[in-house]
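The values are calculated or read from the model by the stated rules, or taken from the named source; none is laboratory data. Source: prediction; values computed, not measured. Because the Cβ atoms are built from the backbone with ideal geometry, glycine has one as well, and the counts that use them run over all protein chains shown.
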Amino acid sequence: MRIACFITSHGFGHATRSIALLNKLSQKENLNLLIFSTLPNWFFKENLTGISFTYHHVETDIGLVQKSPFLHDLNLTINRLANFLSFKKEKIDPIIEILEKELLDFIFCDISPLGLHLGNKLKIPTCLLENFTWDWIYESYLSENKNFKDPINKLKNIFEKADLHIQTNPVCQPQKHLVQINPIFRPHQQNKEQTSGQLGIGLNKPIILITTGGIAQKFSFLEKIKKDEKHFYLITGDYQQIEKEDNFILLPQKNDFHFPDLIQLSDGVVGKVGYGTVSEVWGARKPLIGIFRDGFRESTPMRNFVKKNIPGFEISNILFQEGEWIQKIEQLINLPKNTFETIENGTEKASLLISKWRKKLSNPKF
């Protein structure tokens with residue numbers, strides 16, 4: 001199966017679910033992929049298991065221009081968005097040339113409008129995977145900037161033309177005619193003993209994982225963490241190399257560890273609430289101290305899902321940066337655990353939907 005994949009670079013969460021789905025699909029079909037994204041090539045190399053692919057560094061959407069993991073710039077976003085949605089020939093013609101050379105089965109898009117636009121233009125079937133679309137996100141900013149109106153209309157038209165449309169929970173705008181599937185997450189590959197051995201740490205203390213998703217930053221609360229002798233911290237962020245202290249390890253964004261293995265190792269997670277973190281924490285049944293992005297429309301349905309399905313509590317970004325949550329770690333790890341009978345990864349249903357759809361494309365009588 002030959003697939004062109006257009007994946008948003010708005011954090012790593014969308015890419016992790018796309019990768020989890022593609023890995024599952026590869027168990028049913030022989031895959032050969034073209035990846036279009038501005039996420040780094042190494043991320044796909046490390047996460048796509050035994051799947052042949054070629055990588056093209058291409059901006060597939062604008063999303064929100066981020067100043068930090070928790071702040072965005074609306075004026076810069078609207079300026080870049082207007083330019084992007086003009087789909088200038090000098091930008092899209094090289095991509096069209098690549099796509100036309102391939103005998104593609106379909107184009108797969110994780111909230112990227114570019115792949116959908118090109119699929120419609122070239123008469124190539126398209127599959128959209130989303131828990132939100134960008135037109136829905138931008139609607140909440142219309143009161144601040146009326147210039148979002150035209151991009152919203154253009155994007156809505158693009159997203160509505162997807163041939164197969166899959167919504168994955170936590171879904172922001174459920175559509176009655178579509179099936180909503182469980183969260184999609186990457187499964188862990190190792191047990192706690194294997195990962196702790198590779199990190200060179202013991203399991204005699206509860207382990208806490210700190211993450212801000214795909215947008216790395218440095219933290220100002222390290223001095224407070226150093227004083228906490230009861231717990232050990234795995235801190236992922238904007239670091240050049242691994243640094244190990246008595247009760248914490250600093251891990252750069254690119255490291256040798258499978259992130260779901262770090263979640264599996266941990267007794268609790270503290271971090272920015274985005275799709276990847278929520279789905280993988282949910283899949284691993286770990287408690288969470290969540291920091292939600294103010295002014296981002298996805299936060300409300302995400303918060304509702306977390307409250308219902310993941311033990312833990314919410315803190316503000318200010319309290320997170322100041323390290324006030326450290327004194328609540330014992331409360332976090334002693335929370336009653338949710339005892340789900342089963343947790344079914346959404347990859348199973350999504351891969352079946354795609355396989356059946358693809359067979360219908362090649363054999364309309366199927």
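Condition test on residue 142, is it assigned to a helix (DSSP H, G or I) and within 22 Å of residue 171 (Cβ to Cβ)?
Values: assigned to a helix (DSSP H, G or I): no; within 22 Å of residue 171 (Cβ to Cβ): yes.
Against the criterion (assigned to a helix (DSSP H, G or I) and within 22 Å of residue 171 (Cβ to Cβ)), residue 142 does not qualify.
Consider residue 318 carefully, then state whether it is at pLDDT 95 or above and not in a loop (DSSP other than H, G, I, E, B).
It is false that residue 318 is at pLDDT 95 or above and not in a loop (DSSP other than H, G, I, E, B).
Please state which of the following conditions residue 220 fails to meet, knowing it meets all the rest: (1) outside any helix (DSSP H, G or I); (2) among the hydroxyl-bearing types (Ser, Thr, Tyr); (3) outside the structural domain of residue 322 (by TED's automatic domain parsing).
It is condition (3) that residue 220 fails.
When you look at residue 176, is it in a loop (DSSP other than H, G, I, E, B) and either in the same structural domain as residue 15 (by TED's automatic domain parsing) or under 16 Å from the mean Cα position of the chain (by Cα) (or both), yes or no?
Working: in a loop (DSSP other than H, G, I, E, B): yes; either in the same structural domain as residue 15 (by TED's automatic domain parsing) or under 16 Å from the mean Cα position of the chain (by Cα) (or both): yes.
The answer is yes for residue 176.
Those residues that are crowded, with 22+ Cβ neighbours inside 10 Å and farther than 22 Å from residue 318 by Cβ, I need them from segment 264-300; list them, please.
264, 265, 266, 275, 276, 279, 280, 281, 282, 283, 286
Being in contact with a helix residue (DSSP H, G or I) (Cβ under 6 Å, 6 or more places away or on another chain), in the same structural domain as residue 133 (by TED's automatic domain parsing) and surrounded by 14 or more Cβ atoms within 10 Å (Cβ to Cβ) narrows it down to one residue among 92, 51, 107; which is it? Let's see the steps before the verdict.
Details: 92 fails: in contact with a helix residue (DSSP H, G or I) (Cβ under 6 Å, 6 or more places away or on another chain); 51 fails: in contact with a helix residue (DSSP H, G or I) (Cβ under 6 Å, 6 or more places away or on another chain).
None of the others qualify; the one that does is 107.
Hey, could you check segment 155-173 for residues that are in contact with a helix residue (DSSP H, G or I) (Cβ under 8 Å, 6 or more places away or on another chain) and in a helix (DSSP H, G or I) and say which is surrounded by the fewest Cβ atoms within 10 Å (Cβ to Cβ)?
Taking the candidates together, the pick is 156.
Is it the case that residue 204 is over 30 Å from residue 108 (Cβ atoms) and without any contact (Cβ under 8 Å) to a residue 12 or more places away in the chain? Spell out the reasoning first.
Working: over 30 Å from residue 108 (Cβ atoms): yes; without any contact (Cβ under 8 Å) to a residue 12 or more places away in the chain: yes.
In short, yes.
List pairs: first in segment 75-90 and at pLDDT 95 or above, second among the basic types (Lys, Arg), Cβ under 8 Å, 6+ apart or cross-chain?
Close Cβ pairs satisfying both conditions: 85/154.
State all residues of segment 54-83 that are among the hydrophobic types (A, V, I, L, M, F, W, C) and surrounded by 18 or more Cβ atoms within 10 Å (Cβ to Cβ); if no residue qualifies, say none.
Taking segment 54-83 as the starting set, the residues that turn out to be among the hydrophobic types (A, V, I, L, M, F, W, C) are 58, 62, 64-65, 70-71, 74, 76, 78, 81-82.
The answer is 58, 62, 64, 70, 78, 81.
Quickly run through segment 9-55 and pick out the residues that are of a type in the set (Phe, Trp, Tyr) and part of a loop (DSSP other than H, G, I, E, B).
Keep residues of segment 9-55 that are of a type in the set (Phe, Trp, Tyr), which gives 12, 36, 42-44, 53, 55.
If the condition is that a residue be of a type in the set (Phe, Trp, Tyr) and part of a loop (DSSP other than H, G, I, E, B), then 12 is the only one that fits.
When you look at residue 97, is it among the acidic types (Asp, Glu), surrounded by fewer than 22 Cβ atoms within 10 Å (Cβ to Cβ), without any contact (Cβ under 8 Å) to a residue 24 or more places away in the chain and over 14 Å from residue 5 (Cβ atoms), yes or no?
yes
Of the residues 137, 107, only one is in contact with a Phe, Trp or Tyr (Cβ under 9 Å, 6 or more places away or on another chain) and part of a strand (DSSP E or B); which? Show your work before the answer.
Details: 137 fails: part of a strand (DSSP E or B).
Just one listed residue meets the conditions, 107.
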